[in-house]
Amino acid sequence: MTYFAIITLLSVSPFLTVQEFKASHLNWIAVNPVTIKPSFSWDNGYKRKGNSYADAYYEYNYKGESYENTESKALKKYYPFWERRDVNELISEFSIPVKEKISRKNYIFLISPGKPEKSKLFLSTDLFYFQGSLFYNMVTGMAGFLLIVLGIIGSIFLLSLNGQRGRKQNR
């Protein structure tokens, strides 16, 4: 249960994820990337519309050497199954805050000084980012399941009430 609580907390808090990474990679240092170019995509979910995410290609210099890398799914945004807007509209909406984070330099970029080709980009440093967490995905999935179950129970209840009324009228 403790493990689940820790994973959930790390899932909803990019800030804590960054702190955990820093604590487990003590020798990594912060460097300013030369460029960061995000690309936005859509990932179809299971039996639902899907999620948008940003991959980030970046270039950086360390000790006179140039390096480049890509952070796959650097930032995600999960959508509940009841979201009905167009995929392109959702991707466009998601791209705005990502581009703002990059332009404001509101990210953390770390490299390993011993192996400078190893790097990690955190596009979110927010204390909480609920819609970007697997916990959000799980909660909205369970809410959908609960609505379906309640709909079935409500239908059964209404059908049994109608059946009882019909029998009373036939008497």
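The values are calculated or read from the model by the stated rules, or taken from the named source; none is laboratory data. The structure displayed is predicted, hence computed values, not measured ones. No Cβ is skipped: glycine too gets one built from the backbone with ideal geometry, and neighbour counts run over all protein chains shown. Keep in mind that these areas ignore ligands, DNA and RNA; they rest on the heavy atoms of the full protein, side chains included. Shrake-Rupley method; radii C 1.70, N 1.55, O 1.52, S 1.80 Å.
Filtering the range 97-107 down to residues that are basic (K, R) and in a helix (DSSP H, G or I), which residue is least open to solvent (accessible area, probe 1.4 Å)?
Of all residues in the range 97-107, those basic (K, R) come to 99, 101, 104-105.
Narrowing further to those that are in a helix (DSSP H, G or I): 99, 101.
Details: K99: 113, K101: 28 Å².
Ranking the qualifying residues of the range 97-107, first place goes to K101.
Does L90 qualify as being touching a Lys or Arg at 6+ places or on another chain (Cβ under 9 Å) and within 30 Å of I148 (Cβ to Cβ)? In short, yes. If the requirement is being surrounded by fewer than 11 Cβ atoms within 10 Å (Cβ to Cβ), of a type in the set (A, V, I, L, M, F, W, C) and in contact (Cβ under 8 Å) with a residue 60 or more places away in the chain, which of these qualifies: A23, A54, A5, A30? Sole residue among the options that is surrounded by fewer than 11 Cβ atoms within 10 Å (Cβ to Cβ), of a type in the set (A, V, I, L, M, F, W, C) and in contact (Cβ under 8 Å) with a residue 60 or more places away in the chain: A30.
Have a look at F145, F94 and point out the one that is open to solvent by 30 Å² or more (accessible area, probe 1.4 Å), among the aromatic types (F, W, Y) and either touching a His at 6+ places or on another chain (Cβ under 9 Å) or under 23 Å from G50 (Cβ atoms) (or both).
Numbers: F94 fails: open to solvent by 30 Å² or more (accessible area, probe 1.4 Å).
F145 is the lone residue from the list that is open to solvent by 30 Å² or more (accessible area, probe 1.4 Å), among the aromatic types (F, W, Y) and either touching a His at 6+ places or on another chain (Cβ under 9 Å) or under 23 Å from G50 (Cβ atoms) (or both).
How about the range 108-131: which of its residues are under 19 Å from P97 (Cβ atoms) and either open to solvent by less than 20 Å² (accessible area, probe 1.4 Å) or not in a helix (DSSP H, G or I) (or both)? Let's see the steps before the verdict.
Here is the first cut: in the range 108-131, the ones under 19 Å from P97 (Cβ atoms) are 108-109, 121-131.
Result: I108, F109, L121, F122, L123, S124, T125, D126, L127, F128, Y129.
Each residue in the range 20-68 was checked for being under 15 Å from the mean Cα position of the chain (by Cα), part of a strand (DSSP E or B) and of a type in the set (S, T, N, Q), and 3 pass. Cβ-Cβ contacts under 8 Å between residues 6 or more apart (or on different chains), taken from a first residue in the range 102-123 that is without any contact (Cβ under 8 Å) to a residue 24 or more places away in the chain to a second residue that is of a type in the set (A, V, I, L, M, F, W, C), are listed as K118/I111. Apart from one condition, D86 fits all of (1) touching a Phe, Trp or Tyr at 6+ places or on another chain (Cβ under 7 Å); (2) open to solvent by 80 Å² or more (accessible area, probe 1.4 Å); the exception is (1).
Based on what the data block shows, is Y78 open to solvent by 30 Å² or more (accessible area, probe 1.4 Å) and aromatic (F, W, Y)?
Details: open to solvent by 30 Å² or more (accessible area, probe 1.4 Å): no; aromatic (F, W, Y): yes.
No; evaluated as a whole, the condition is false for this residue.
Restricted to the range 11-62, and to residues there that are among the charged types (D, E, K, R) and touching a strand residue (DSSP E or B) at 6+ places or on another chain (Cβ under 7 Å), the residue that is farthest from G114 (Cα to Cα) is D43.
Among the candidates E93, E89, E83, E71, single out the residue that is among the acidic types (D, E), in contact with an Asp or Glu (Cβ under 9 Å, 6 or more places away or on another chain) and either at pLDDT below 90 or not in a loop (DSSP other than H, G, I, E, B) (or both). Give the steps one after another, and end with the answer.
Working: E93 fails: in contact with an Asp or Glu (Cβ under 9 Å, 6 or more places away or on another chain); E89 fails: in contact with an Asp or Glu (Cβ under 9 Å, 6 or more places away or on another chain); E83 fails: in contact with an Asp or Glu (Cβ under 9 Å, 6 or more places away or on another chain).
The unique qualifying residue is E71.
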